[in-house]
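Here, each number is a calculation from the coordinates, and none is a lab measurement. Computed from a predicted model, the values in this text were never measured in an experiment. All Cβ positions, glycine included, derive from the backbone under ideal geometry; neighbour counts span all protein chains shown.
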Amino acid sequence: MLATAQASLLLADSAVAYTLRNLPDQVPSLRDVVSMDDLPDGGELSHRPASDDQVVFLQFTSGSTSAPRGVRVTHGSLWANAHAIMVDGLGASPDDRGVSWLPLYHDMGLIGFVMSPLVTRTPVTFISTLDFLKRPEVWLRTLSEDRGTISFAPNFGYALAARRTRSTEGLDLSAIRVLGCGAEPIQPDAIQGFFERFSKAGLKPSAFLACYGLAETTLAVTFAEMQDELKLNHPELESGPSNDAHDKPSGIHRLERRTPVVSCGRPLPRHRVSILGADSEPLPERRLGEVFVEGPSVTDGYWNDEDATKRVFVNGGVKTGDLGYILDGELYVTGRLKDTIIVRGRNYDPTPIEVAAGRVDGVRTGNVAAFSLSGDLTERIVVAAEYREGNLHAIESNIVRAVQRDVGLTVSEVVLIEAGSLPKTTSGKLQRS
């Protein structure tokens, strides 16, 4: 990231600065690593006007299907998205209170809970990410004690908090009006399990808010309707245009899926979402293709990567690389285009395979990756799963049976690996490729 950004100065607290003191030897552009404790007092604050098209910072992508890229976030896109989130999406006010354990190097933590709340002067309580991971219950206790009204988390955060909160005694979650999720395709099991677990503490099902966004659009793109409960669809999808049954992964023709897909809601005001086929032409509703986003939150491209910028940022919009479809004006996201598994010329979403395998006793839920490899006659499906305990041979057999039963596909190989072995991005997304 430092090399891509051509950073000349790195600021950190004293302990981190000391640890990274030798970085200038590895990054040619880096002149120095400076402890913030050593910075002189700046005296009087000053400011200068900034135009909407000026870059305010580089926001690196999660790197789920490629190396992280520095997205050029402008003052204009940042303001447009922050206003859309807080005013149009959340209807927030100074009377709300946010609670967040999300890391501040991630867009949902930085933009969603540091910058955007300034628009509506909404106070926020921050919890250390490490404290949440050690003791997920601290999130619920803080929401209860501070009468928190707004919080967001990815799928694994909801699953972890539901599983590792020992008791709901003393919890009062009745003040919560928004609990959002949108960092990746939303897992209904994780969300429903969380709301069932804490219903006795006053948590209302209508508090759940599905959304969709990505770094290339600053942060948010779509929000579900406030007060709507989790909305599921069992898709019967028609195919987008394709050349033949032996298309490359980029040729979208059909995607097989037996598990439900969660609605991510409608585009924020002044934003537009459409679905593109393999020929980059818009598709009608119920047709699966690549999600394309237009609007004032779309950023300025990638820093020092004009080739990728020209491929991804097209006609004033951004080709997201996400697979999805539109139904009754609402967006349903099924997964990543590059992660699609192709077997005998048919496309399959890896997520239902991973969900089925994750339900097997001994497997660490949310720590399963499904992908395909070329075989002698056809592609082979491989499942890599982190395990907790148990008979390894029995776990492997049970995964094969679970995927066959729930998804209707035959797994050729199961690879059981130790906890923490699966490659993931900084935001917890699987790096299947």
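Assorted remarks:
- Tensor-based shape of the chain (alpha-carbon gyration tensor, a/c under 1.5 rounded, otherwise prolate or oblate): rounded
- Bridge type composition, the chain - antiparallel percent by DSSP, nearest 5: 65
- Hypothetical label at residue 166: residues of region 100-137 whose amide nitrogen lies under 17 Å (7 Å Cα-Cβ projection): 132-137
- Cα gyration tensor shape of region 339-433, rounded if a/c is under 1.5, else prolate or oblate by comparing a/b with b/c: oblate
- Chain lengthening between residue 308 and residue 189 when straightened (0.36 nm per residue, less Cα-Cα): 39.3 nm
- At full extension, residue 146 and residue 95 could sit 17.1 nm farther apart than now, given 0.36 nm per residue minus the alpha carbon distance.
- Computing FRET efficiency as 1/(1 + (r/R0)^6) for residue 389 and residue 417, where r is the C-beta to C-beta distance and R0 is 22 Å, gives about 0.95.
- DSSP beta bridge pairing in region 1-84, given as percent antiparallel to the nearest 5: 55
- Ranked by how many other beta carbons lie within 10 Å on average, peptides 405-416, 303-314, 31-42 from highest: 405-416, 303-314, 31-42
- Principal axis dimensions, largest first and in whole angstrom, of region 306-351 by Cα: 35, 30, 16
- Region 39-167, relative contact order [Cα under 8 Å, separation at least 6], %: 20
- Relative to its residue count, region 1-122 spans a Cα convex hull of 167 Å³ per residue.
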